[in-house]
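The values are calculated or read from the model by the stated rules, or taken from the named source; none is laboratory data. What you see is a predicted model, and the numbers here were worked out from it, not measured in a lab. Cβ atoms come from the backbone with ideal geometry, glycine included; neighbour counts cover every protein chain shown. Note: areas computed on protein heavy atoms with side chains; ligands, DNA, RNA excluded. Shrake-Rupley method; radii C 1.70, N 1.55, O 1.52, S 1.80 Å.
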Amino acid sequence: MITSRIVGTGSYVPEQIVTNDDLAKIVETNDEWIRTRTGIRQRRIATSEGTSDLAAKAAERAIEQAGIKPEEIDLIILATSSQDYCFPSGACEVQGRVGAVNAVCYDLSAACTGFVFALNTAQAFIQSGVYRTALVVGSEVLSKLIDWKDRSTCVLFGDGAGAVVVRADETGILGFQMHSDGTKGNVLTCGARSNGNFLMNQKPELSYMTMDGQEVFKFAVKRVPEVISQLLEKTGTPIEEIRYFVLHQANYRIIESVAKRLKVGMEKFPANMEYYGNTSGASIPLLLDEMNRAGKLNPGDKIILSGFGGGLTWGATLIQW
Ligand code: ACO
(Lines give C-alpha, C1' and ligand atoms only; values in the text may rest on other atoms or scores of the structure.)
Protein backbone atom coordinates (compact mmCIF):
# COMPACT_ATOMS: atom_id res chain seq x y z
CA MET A 1 0.00 0.00 0.00
CA ILE A 2 1.28 3.47 -0.84
CA THR A 3 1.23 5.98 1.98
CA SER A 4 3.27 9.06 2.85
CA ARG A 5 6.33 9.12 5.07
CA ILE A 6 7.90 12.12 6.77
CA VAL A 7 11.43 12.34 5.33
CA GLY A 8 12.44 15.74 6.68
CA THR A 9 11.43 18.16 9.42
CA GLY A 10 12.34 21.79 10.06
CA SER A 11 11.34 24.67 12.30
CA TYR A 12 12.04 28.32 12.88
CA VAL A 13 11.15 30.78 15.63
CA PRO A 14 11.81 34.53 15.74
CA GLU A 15 14.66 35.74 17.93
CA GLN A 16 12.75 38.02 20.32
CA ILE A 17 11.94 36.29 23.63
CA VAL A 18 9.08 37.71 25.71
CA THR A 19 8.90 36.29 29.24
CA ASN A 20 5.94 36.21 31.59
CA ASP A 21 7.65 38.94 33.61
CA ASP A 22 7.85 41.08 30.46
CA LEU A 23 4.08 40.70 30.01
CA ALA A 24 3.48 41.65 33.63
CA LYS A 25 4.80 45.09 32.68
CA ILE A 26 2.08 45.48 30.02
CA VAL A 27 -1.02 43.88 31.63
CA GLU A 28 -2.03 42.97 35.18
CA THR A 29 -0.68 39.44 35.36
CA ASN A 30 2.23 37.54 36.88
CA ASP A 31 4.55 34.66 36.11
CA GLU A 32 2.99 32.39 38.72
CA TRP A 33 -0.58 32.78 37.32
CA ILE A 34 0.52 32.10 33.76
CA ARG A 35 2.83 29.19 34.61
CA THR A 36 0.45 27.32 36.89
CA ARG A 37 -2.55 27.68 34.57
CA THR A 38 -0.83 27.08 31.23
CA GLY A 39 2.73 25.77 31.65
CA ILE A 40 4.05 28.73 29.60
CA ARG A 41 7.15 30.66 30.76
CA GLN A 42 8.06 32.57 27.62
CA ARG A 43 7.19 32.92 23.96
CA ARG A 44 8.90 34.15 20.77
CA ILE A 45 7.45 37.24 19.09
CA ALA A 46 8.14 38.32 15.50
CA THR A 47 9.14 41.97 15.33
CA SER A 48 10.22 42.23 11.69
CA GLU A 49 9.23 38.93 10.06
CA GLY A 50 5.88 37.83 8.64
CA THR A 51 4.13 34.45 8.62
CA SER A 52 5.60 33.56 5.21
CA ASP A 53 9.13 34.49 6.34
CA LEU A 54 8.89 32.07 9.26
CA ALA A 55 7.27 29.43 7.04
CA ALA A 56 9.96 29.68 4.35
CA LYS A 57 12.78 29.31 6.90
CA ALA A 58 11.18 26.23 8.49
CA ALA A 59 10.52 24.82 4.99
CA GLU A 60 14.15 25.31 3.88
CA ARG A 61 15.34 23.32 6.91
CA ALA A 62 12.87 20.50 6.25
CA ILE A 63 13.86 20.32 2.57
CA GLU A 64 17.55 20.28 3.49
CA GLN A 65 17.04 17.44 5.95
CA ALA A 66 14.95 15.49 3.44
CA GLY A 67 17.83 15.76 0.96
CA ILE A 68 15.51 16.50 -1.95
CA LYS A 69 15.61 19.17 -4.64
CA PRO A 70 12.86 21.82 -4.29
CA GLU A 71 11.82 21.02 -7.88
CA GLU A 72 10.70 17.57 -6.71
CA ILE A 73 7.93 19.03 -4.53
CA ASP A 74 4.47 18.58 -6.10
CA LEU A 75 2.35 20.21 -3.42
CA ILE A 76 2.79 22.88 -0.72
CA ILE A 77 0.11 23.37 1.92
CA LEU A 78 0.56 26.11 4.50
CA ALA A 79 -1.63 25.81 7.58
CA THR A 80 -2.11 29.26 9.09
CA SER A 81 -4.68 31.59 10.63
CA SER A 82 -2.39 34.58 10.51
CA GLN A 83 -1.54 34.92 6.82
CA ASP A 84 0.30 38.06 5.76
CA TYR A 85 -2.14 38.82 2.94
CA CYS A 86 -5.65 37.70 1.98
CA PHE A 87 -3.90 36.90 -1.28
CA PRO A 88 -1.44 35.79 -2.52
CA SER A 89 -1.45 32.78 -0.25
CA GLY A 90 1.46 32.21 2.11
CA ALA A 91 2.03 28.84 0.43
CA CYS A 92 2.70 30.61 -2.90
CA GLU A 93 5.15 32.93 -1.11
CA VAL A 94 6.94 29.90 0.33
CA GLN A 95 7.08 28.32 -3.12
CA GLY A 96 8.76 31.45 -4.50
CA ARG A 97 11.25 31.54 -1.65
CA VAL A 98 12.31 27.87 -1.72
CA GLY A 99 12.23 27.47 -5.51
CA ALA A 100 9.65 24.68 -5.63
CA VAL A 101 8.77 25.61 -9.19
CA ASN A 102 6.68 22.50 -9.90
CA ALA A 103 4.46 22.66 -6.82
CA VAL A 104 0.79 23.59 -6.56
CA CYS A 105 0.34 25.76 -3.48
CA TYR A 106 -2.44 26.90 -1.19
CA ASP A 107 -3.18 27.80 2.42
CA LEU A 108 -5.43 25.85 4.74
CA SER A 109 -7.39 27.49 7.55
CA ALA A 110 -8.28 25.32 10.53
CA ALA A 111 -6.75 27.33 13.40
CA CYS A 112 -4.74 25.15 15.80
CA THR A 113 -5.81 21.97 13.95
CA GLY A 114 -4.43 23.36 10.69
CA PHE A 115 -1.22 21.34 10.51
CA VAL A 116 -2.97 18.01 11.18
CA PHE A 117 -5.63 18.78 8.54
CA ALA A 118 -2.92 19.86 6.06
CA LEU A 119 -0.84 16.72 6.65
CA ASN A 120 -3.93 14.54 6.22
CA THR A 121 -4.81 16.38 3.01
CA ALA A 122 -1.31 15.76 1.64
CA GLN A 123 -1.66 12.11 2.67
CA ALA A 124 -4.94 11.80 0.73
CA PHE A 125 -3.27 13.17 -2.42
CA ILE A 126 -0.24 10.92 -2.06
CA GLN A 127 -2.20 7.79 -1.16
CA SER A 128 -4.41 8.25 -4.20
CA GLY A 129 -1.38 8.63 -6.47
CA VAL A 130 -2.09 12.24 -7.49
CA TYR A 131 1.18 13.56 -6.03
CA ARG A 132 4.40 11.96 -4.72
CA THR A 133 6.09 14.68 -2.65
CA ALA A 134 4.55 17.36 -0.47
CA LEU A 135 5.77 20.13 1.81
CA VAL A 136 3.40 20.74 4.72
CA VAL A 137 4.02 23.82 6.84
CA GLY A 138 2.38 25.34 9.91
CA SER A 139 3.31 28.98 10.50
CA GLU A 140 1.81 31.70 12.66
CA VAL A 141 2.45 35.28 13.66
CA LEU A 142 -0.46 35.39 16.07
CA SER A 143 1.05 38.37 17.84
CA LYS A 144 -0.53 40.61 15.18
CA LEU A 145 -4.04 39.27 15.96
CA ILE A 146 -3.79 39.62 19.71
CA ASP A 147 -5.11 42.45 21.85
CA TRP A 148 -2.06 43.15 23.98
CA LYS A 149 -4.35 44.82 26.54
CA ASP A 150 -6.39 41.63 27.07
CA ARG A 151 -4.65 39.54 29.72
CA SER A 152 -7.01 36.60 29.23
CA THR A 153 -5.58 35.92 25.73
CA CYS A 154 -2.28 37.78 25.29
CA VAL A 155 -0.36 35.60 27.75
CA LEU A 156 -1.16 32.40 25.86
CA PHE A 157 0.24 32.76 22.36
CA GLY A 158 3.56 32.95 20.51
CA ASP A 159 4.95 33.05 16.96
CA GLY A 160 6.77 30.27 15.12
CA ALA A 161 6.80 27.79 12.25
CA GLY A 162 7.37 24.09 11.60
CA ALA A 163 7.46 22.06 8.40
CA VAL A 164 7.66 18.49 7.13
CA VAL A 165 8.44 16.96 3.75
CA VAL A 166 6.36 13.85 3.03
CA ARG A 167 6.97 11.38 0.20
CA ALA A 168 5.19 8.36 -1.21
CA ASP A 169 6.49 5.23 0.53
CA GLU A 170 5.39 1.83 1.81
CA THR A 171 5.17 2.89 5.44
CA GLY A 172 4.48 6.16 7.21
CA ILE A 173 1.00 7.54 7.86
CA LEU A 174 -1.20 4.62 8.97
CA GLY A 175 -4.47 6.50 9.28
CA PHE A 176 -6.19 9.73 10.23
CA GLN A 177 -9.42 11.10 11.63
CA MET A 178 -10.88 14.64 11.34
CA HIS A 179 -13.93 16.50 12.68
CA SER A 180 -15.49 19.97 12.68
CA ASP A 181 -18.37 21.62 14.54
CA GLY A 182 -19.40 24.89 12.95
CA THR A 183 -22.08 25.57 15.57
CA LYS A 184 -19.37 26.37 18.14
CA GLY A 185 -17.37 28.87 16.10
CA ASN A 186 -18.01 31.67 18.60
CA VAL A 187 -15.88 29.96 21.27
CA LEU A 188 -12.67 31.05 19.54
CA THR A 189 -12.76 33.77 16.89
CA CYS A 190 -10.75 36.44 15.16
CA GLY A 191 -12.89 38.68 12.97
CA ALA A 192 -10.21 40.58 11.13
CA ARG A 193 -11.69 42.59 8.25
CA SER A 194 -15.15 41.40 9.22
CA ASN A 195 -17.23 44.42 8.22
CA GLY A 196 -17.78 45.18 4.56
CA ASN A 197 -17.14 48.72 3.38
CA PHE A 198 -19.34 48.93 0.26
CA LEU A 199 -20.41 52.57 -0.09
CA MET A 200 -19.67 53.15 3.59
CA ASN A 201 -16.65 55.29 2.96
CA GLN A 202 -14.82 53.74 5.89
CA LYS A 203 -12.02 51.28 6.34
CA PRO A 204 -12.98 47.68 7.21
CA GLU A 205 -12.55 47.07 10.91
CA LEU A 206 -9.78 44.89 12.22
CA SER A 207 -10.76 42.97 15.32
CA TYR A 208 -8.66 40.95 17.70
CA MET A 209 -8.82 37.35 18.80
CA THR A 210 -11.47 36.46 21.40
CA MET A 211 -11.76 33.22 23.34
CA ASP A 212 -14.02 31.55 25.88
CA GLY A 213 -11.16 29.83 27.71
CA GLN A 214 -13.24 27.46 29.80
CA GLU A 215 -15.32 26.29 26.82
CA VAL A 216 -12.11 25.66 24.85
CA PHE A 217 -10.73 23.70 27.78
CA LYS A 218 -13.85 21.51 28.05
CA PHE A 219 -13.93 20.97 24.29
CA ALA A 220 -10.28 19.91 24.15
CA VAL A 221 -10.30 17.47 27.05
CA LYS A 222 -13.42 15.75 25.66
CA ARG A 223 -12.68 15.70 21.93
CA VAL A 224 -8.94 14.93 21.89
CA PRO A 225 -9.14 11.59 23.80
CA GLU A 226 -12.23 10.76 21.73
CA VAL A 227 -10.57 11.34 18.33
CA ILE A 228 -7.43 9.47 19.42
CA SER A 229 -9.54 6.49 20.55
CA GLN A 230 -11.45 6.54 17.25
CA LEU A 231 -8.19 6.49 15.30
CA LEU A 232 -6.73 3.65 17.36
CA GLU A 233 -9.88 1.60 16.86
CA LYS A 234 -10.08 2.35 13.13
CA THR A 235 -6.46 1.27 12.57
CA GLY A 236 -6.61 -1.67 15.01
CA THR A 237 -3.75 -0.24 17.06
CA PRO A 238 -3.50 -1.03 20.80
CA ILE A 239 -2.83 2.19 22.75
CA GLU A 240 0.24 0.54 24.40
CA GLU A 241 1.95 0.53 20.97
CA ILE A 242 2.02 4.35 20.81
CA ARG A 243 5.47 5.71 21.65
CA TYR A 244 4.49 9.40 21.71
CA PHE A 245 1.33 11.51 21.63
CA VAL A 246 2.35 14.81 20.04
CA LEU A 247 -0.51 17.15 20.89
CA HIS A 248 -1.16 20.74 19.95
CA GLN A 249 0.72 22.80 22.54
CA ALA A 250 -2.07 25.00 23.89
CA ASN A 251 -1.82 24.38 27.56
CA TYR A 252 -0.07 21.88 29.83
CA ARG A 253 -3.21 21.24 31.87
CA ILE A 254 -5.12 20.21 28.75
CA ILE A 255 -2.37 17.69 27.96
CA GLU A 256 -2.45 16.34 31.53
CA SER A 257 -6.22 15.87 31.34
CA VAL A 258 -6.00 14.10 27.98
CA ALA A 259 -3.26 11.78 29.30
CA LYS A 260 -5.36 10.97 32.36
CA ARG A 261 -8.48 10.23 30.31
CA LEU A 262 -6.47 7.94 28.01
CA LYS A 263 -4.78 6.35 31.07
CA VAL A 264 -1.34 6.96 29.56
CA GLY A 265 1.71 8.28 31.46
CA MET A 266 2.86 11.87 30.89
CA GLU A 267 6.28 10.60 29.70
CA LYS A 268 4.55 9.79 26.38
CA PHE A 269 3.30 13.38 26.00
CA PRO A 270 6.24 15.60 25.00
CA ALA A 271 5.74 19.34 25.57
CA ASN A 272 7.54 22.57 24.71
CA MET A 273 4.90 25.28 25.25
CA GLU A 274 7.04 26.37 28.19
CA TYR A 275 9.40 28.03 25.69
CA TYR A 276 7.11 28.99 22.81
CA GLY A 277 3.59 29.44 24.20
CA ASN A 278 0.71 28.38 21.97
CA THR A 279 1.88 28.73 18.36
CA SER A 280 -1.44 27.43 16.96
CA GLY A 281 -0.95 25.71 13.57
CA ALA A 282 2.83 25.68 14.09
CA SER A 283 2.97 23.93 17.46
CA ILE A 284 2.87 20.29 16.32
CA PRO A 285 5.54 20.47 13.55
CA LEU A 286 7.71 22.66 15.81
CA LEU A 287 7.65 20.03 18.55
CA LEU A 288 8.05 17.18 16.06
CA ASP A 289 11.14 18.82 14.59
CA GLU A 290 12.68 19.32 18.05
CA MET A 291 12.09 15.67 18.88
CA ASN A 292 13.44 14.51 15.53
CA ARG A 293 16.61 16.59 15.78
CA ALA A 294 17.13 15.45 19.38
CA GLY A 295 17.13 11.83 18.12
CA LYS A 296 13.98 10.87 20.02
CA LEU A 297 12.21 9.33 17.04
CA ASN A 298 13.33 5.87 15.93
CA PRO A 299 12.32 3.94 12.82
CA GLY A 300 9.18 1.93 13.55
CA ASP A 301 8.01 4.15 16.43
CA LYS A 302 4.26 4.74 16.33
CA ILE A 303 3.33 8.36 17.00
CA ILE A 304 -0.03 10.08 17.21
CA LEU A 305 -0.34 13.74 16.29
CA SER A 306 -3.49 15.49 17.49
CA GLY A 307 -4.67 19.05 16.93
CA PHE A 308 -7.71 20.95 18.21
CA GLY A 309 -8.86 24.52 17.86
CA GLY A 310 -11.08 27.17 16.31
CA GLY A 311 -13.89 26.19 13.99
CA LEU A 312 -14.27 24.16 16.09
CA THR A 313 -11.95 21.62 14.52
CA TRP A 314 -10.08 18.59 15.81
CA GLY A 315 -8.22 15.66 14.33
CA ALA A 316 -5.44 13.11 14.67
CA THR A 317 -2.87 11.28 12.54
CA LEU A 318 -1.19 7.95 13.27
CA ILE A 319 2.37 7.71 11.96
CA GLN A 320 4.89 4.90 11.86
CA TRP A 321 8.26 6.69 11.87
N1 ACO B 1 -3.26 36.94 34.74
C2 ACO B 1 -3.86 37.05 35.93
N3 ACO B 1 -5.17 36.84 36.10
C4 ACO B 1 -5.90 36.50 35.02
C5 ACO B 1 -5.32 36.39 33.73
C6 ACO B 1 -3.94 36.63 33.62
N7 ACO B 1 -3.29 36.55 32.45
N8 ACO B 1 -6.28 36.04 32.86
C9 ACO B 1 -7.41 35.95 33.55
N10 ACO B 1 -7.19 36.23 34.85
C11 ACO B 1 -8.14 36.24 35.96
C12 ACO B 1 -9.57 36.41 35.50
O13 ACO B 1 -9.89 37.79 35.33
C14 ACO B 1 -10.33 35.81 36.65
O15 ACO B 1 -10.39 36.73 37.71
P16 ACO B 1 -11.70 36.86 38.61
O17 ACO B 1 -11.86 35.50 39.25
O18 ACO B 1 -11.35 37.95 39.55
O19 ACO B 1 -12.82 37.18 37.67
C20 ACO B 1 -9.44 34.66 37.10
O21 ACO B 1 -8.12 34.97 36.59
C22 ACO B 1 -9.88 33.33 36.58
O23 ACO B 1 -10.18 33.47 35.19
P24 ACO B 1 -10.64 32.25 34.32
O25 ACO B 1 -10.83 32.69 32.91
O26 ACO B 1 -11.76 31.58 35.03
O27 ACO B 1 -9.32 31.39 34.41
P28 ACO B 1 -9.14 29.87 34.15
O29 ACO B 1 -8.75 29.21 35.41
O30 ACO B 1 -10.26 29.31 33.36
O31 ACO B 1 -7.86 29.89 33.24
C32 ACO B 1 -7.30 29.70 30.92
C33 ACO B 1 -7.88 30.60 31.99
C34 ACO B 1 -5.83 29.44 31.26
C35 ACO B 1 -7.36 30.43 29.58
C36 ACO B 1 -8.09 28.38 30.90
O37 ACO B 1 -9.45 28.63 30.73
C38 ACO B 1 -7.63 27.47 29.83
O39 ACO B 1 -6.61 26.83 29.95
N40 ACO B 1 -8.39 27.36 28.74
C41 ACO B 1 -8.01 26.63 27.59
C42 ACO B 1 -7.92 27.61 26.52
C43 ACO B 1 -6.63 27.59 25.79
O44 ACO B 1 -5.64 27.01 26.13
N45 ACO B 1 -6.69 28.29 24.71
C46 ACO B 1 -5.60 28.38 23.86
C47 ACO B 1 -6.05 28.84 22.57
S48 ACO B 1 -7.18 27.82 21.86
C49 ACO B 1 -6.42 26.51 21.26
O50 ACO B 1 -5.23 26.50 21.09
C51 ACO B 1 -7.24 25.40 20.91
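How do the strands (runs of 3 or more DSSP E) wholly within region 98-201 filter down when requiring 2 or more residues that are touching a Lys or Arg at 6+ places or on another chain (Cβ under 6 Å): which remain?
On the way: elements: 104-108, 133-140, 160-169, 173-180, 188-190.
So the answer is 160-169.
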For this session: Being hydroxyl-bearing (S, T, Y), in the same structural domain as Q230 (by TED's automatic domain parsing) and either under 18 Å from H248 (Cβ atoms) or within 14 Å of the ligand (Cβ to nearest atom) (or both) narrows it down to one of S180, S152, S139, S81, so name that one.
Result: S180
Exercise. Can you name the residue in region 155-177 that is within 14 Å of the ligand (Cβ to nearest atom) and either of a type in the set (F, W, Y) or open to solvent by 10 Å² or more (accessible area, probe 1.4 Å) (or both) and is also farthest from V101 (Cα to Cα) among such residues?
Worked result: L156
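Take residues that are small (G, A, S) and more than 14 Å from the ligand (Cβ to nearest atom) and tell me which of the helices (runs of 4 or more DSSP H) falling wholly in region 217-321 contain 1 or more.
Working: elements: 252-262, 273-276, 283-293.
Hits in region 217-321: 252-262.
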For this session: Check I6 against each of (1) surrounded by fewer than 19 Cβ atoms within 10 Å (Cβ to Cβ); (2) assigned to a strand (DSSP E or B) and name the one condition it does not meet.
Result: (1)
Exercise. What are the residue pairs meeting all of these: first residue in region 212-236, first residue free of Cβ contacts under 8 Å to residues at least 60 places away in the same chain, second residue of a type in the set (S, T, Y) and in a helix (DSSP H, G or I), Cβ atoms under 8 Å, and 6 or more apart or on different chains?
Worked result: V221/S257
Problem set entry | Filter pass, R261 being open to solvent by 50 Å² or more (accessible area, probe 1.4 Å), among the basic types (K, R), more than 12 Å from G138 (Cβ to Cβ) and under 19 Å from the mean Cα position of the chain (by Cα) | no
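I'd like to check which helices (runs of 4 or more DSSP H) are fully inside region 11-70 and have at least 3 residues that are within 12 Å of the ligand (Cβ to nearest atom) and open to solvent by 90 Å² or more (accessible area, probe 1.4 Å). Show your work before the answer.
Working: elements: 20-24, 31-38, 51-66.
In region 11-70, the matching helices (runs of 4 or more DSSP H) lie at 31-38.
Would you check which residues across region 126-151 are of a type in the set (F, W, Y) and either touching a strand residue (DSSP E or B) at 6+ places or on another chain (Cβ under 6 Å) or open to solvent by less than 10 Å² (accessible area, probe 1.4 Å) (or both) and list them? Working first, answer last.
Filtering region 126-151 down to residues of a type in the set (F, W, Y) leaves 131, 148.
Residue satisfying the conditions is Y131 alone.
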Problem set entry | Single condition T210 does not satisfy, out of (1) within 15 Å of the ligand (Cβ to nearest atom); (2) outside any helix (DSSP H, G or I); (3) at pLDDT 95 or above | (3)
